[in-house]
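A.B. asks: Just dropping this structure here.
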Amino acid sequence: MVNDNERSVNEVIKVWKYTLGSFNDEKTERYDNIICILRTGILLTYLLTNVFIVAGVIRHWNSIKSVSIDTEYIKK
């Protein structure tokens, strides 16, 4: 007997697999879990890369000091 928690987890995993790409081909059915893990890894690396890019943009937001120092140096 499968309890409700296991059924819910299995349903979430099934939805996640279909979200990453349809798995209807019976020929590659045994590779479905591996494909899901690889696609999840690729998605997480994209997400992590975007977080670093956004963090860099936010960190340097309105940092005018370096530009004004260069401009003052050129004027002298």
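A.B. asks: Starting from the residue with the highest accessible area, list D32, D25, D4 in decreasing order, probe 1.4 Å.
C.D. replies: D4, D25, D32
A.B. asks: Using a 1.4 Å probe, how large is the accessible area of Y31, given in Å² and rounded to the nearest 10?
C.D. replies: Solvent-accessible area, nearest 10 Å²: 100 Å².
A.B. asks: While we're here: Counting other Cβ atoms within 10 Å, which trypsin sites (Lys or Arg not before Pro) in the stretch 12-49 have at most 11 and lie in a DSSP loop?
C.D. replies: Loop-located and lightly packed - K27.
A.B. asks: Give me the extension gain from F23 to T49: residue separation times 0.36 nm, minus the current Cα-Cα distance, reported in nm with one decimal.
C.D. replies: Separation in residues times 0.36 nm, less the Cα-Cα distance, equals 6.6 nm.
A.B. asks: Tell me the label-point distance for the pair D4, W16, using the 7 Å Cα-to-Cβ offset, in nm and rounded to one decimal.
C.D. replies: With each label point 7 Å from Cα toward Cβ, the separation is 2.2 nm.
The values are calculated or read from the model by the stated rules, or taken from the named source; none is laboratory data. Quick caveat: nothing in here was measured; it's all calculated off a predicted structure. Glycine gets a Cβ as well: all are built from the backbone with ideal geometry, and neighbour counts include every protein chain shown. Ligands, DNA and RNA are excluded from the accessible area calculation, which covers all protein heavy atoms including side chains. Shrake-Rupley method; radii C 1.70, N 1.55, O 1.52, S 1.80 Å.
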